Amino acid sequence: MATITPLHAAEDSRTLGSRVYDLLRDDIISGELAPGQKLTLDALKLRYSVGITPLREALYRLSTSLLVLAEDQRGFRVAPVSPEHKAEIVAARQHIEVLVLRDALEHGDVAWESRIVSAFHQFKNTPMYDETTGAITRAWEIAHRNFHSAISSAAKSTILLHFQAMLWDHAARYRNLRKPTAIQPTLHDEHEGLVAAILDRDVEFACLLMRRHVMGTGEPATVPLRRLGGAVPAE
């Protein structure tokens, strides 16, 4: 698993702890590490071919974003999921994404608009599903994240951007756990409309489209979301 390029590809200058953090986070978001799964240091050492110190650093960082639970005297566990938690994520994202978009629209320039157009072109030409497994591809996750990151890139509020990134990870995790089907054309239409509104500098319409887009990610899919990892099994 250590050879998989994470969604946030690590540069050589990044610390080992940061690279392990990326790998762990991506495996949680993708569902490779299941909700409620016990995260033992020995197993993670083998999985990522790293030592204890960067693993602990990564796990504690992930616990601050609530993707990992730090259990007193019992180590770490992947955070559980539930319909109630998913609803909370969607509700919070409706507010945060719109605030970030308003901030970006206020400060964005022509170079910002060009980044959005370029990122959208890459995104819409990246297949969403693996033809063999039917799972969402990492290439699509990267392109999708990069597109929304391009929109946010002109925003100045570091606090809003921090919470946006945390909520994004949780929302992406639910999308992967659900493994929806045949939604890519609809998503492209939503994103294309959002790009048009941004380029027109129609603030209110762009914010409305963003709110609707976030709400749409919370709609039920063909397979109902089950509560996963809620019960902590005996060790």
> Is there any pair linking a residue in the stretch 47-73 that is of a type outside the set (A, V, I, L, M) to one that is surrounded by fewer than 20 Cβ atoms within 10 Å (Cβ to Cβ), with Cβ under 6 Å and at least six apart or on different chains, and which?
Replying inline: ARG47/MET1; TYR48/ALA2; SER49/ALA2; PRO54/LEU16; PRO54/GLY17; GLU57/GLY17; SER63/ALA70; SER65/MET166
> When only residues in the stretch 121-143 that are in a helix (DSSP H, G or I) and free of Cβ contacts under 8 Å to residues at least 24 places away in the same chain count, which is surrounded by the fewest Cβ atoms within 10 Å (Cβ to Cβ)?
Replying inline: HIS121
> Does the stretch 80-106 hold any residues that are among the small types (Gly, Ala, Ser) and crowded, with 19+ Cβ neighbours inside 10 Å, and which are they?
Replying inline: ALA104
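Grab the helices (runs of 4 or more DSSP H) fully contained in the stretch 1-74, keeping just those with 1 or more residues being at pLDDT below 95 and within 14 Å of ASP169 (Cβ to Cβ). Explain how you work it out, then say what you get.
On the way: elements: 16-30, 41-48, 52-64.
Passing ranges, in order: 16-30, 52-64.
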> Are there any pairs with C-beta distances below 8 angstrom linking a residue in the stretch 97-114 that is more than 20 Å from VAL214 (Cβ to Cβ) to a residue that is crowded, with 19+ Cβ neighbours inside 10 Å and among the β-branched types (Val, Ile, Thr), with the two at least 6 apart or on different chains, and if so which?
Replying inline: GLU113/ILE198
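Evaluate the stretch 70-81: report whether one residue or more is of a type in the set (Lys, Arg) and within 29 Å of GLY17 (Cα to Cα). So that I can check it myself, show each step before the final result.
Our first condition is that a residue be of a type in the set (Lys, Arg); within the stretch 70-81, this holds for 74, 77.
With the extra rule that they be within 29 Å of GLY17 (Cα to Cα), the set shrinks to 74, 77.
There is at least one residue in the stretch 70-81 that is of a type in the set (Lys, Arg) and within 29 Å of GLY17 (Cα to Cα).
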> Which of the residues spanning the stretch 147-192 are of a type in the set (S, T, N, Q) and modelled with pLDDT under 90?
Replying inline: ASN176, THR181, GLN184, THR186
> Can you find a residue in the stretch 183-193 that is farther than 17 Å from VAL214 by Cβ and within 18 Å of the chain's Cα centre (by Cα)?
Replying inline: yes
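The values are calculated or read from the model by the stated rules, or taken from the named source; none is laboratory data. Computed from a predicted model, the values in this text were never measured in an experiment. Note: ideal-geometry Cβ built from the backbone for every residue, glycine included; neighbour counts use all protein chains shown.
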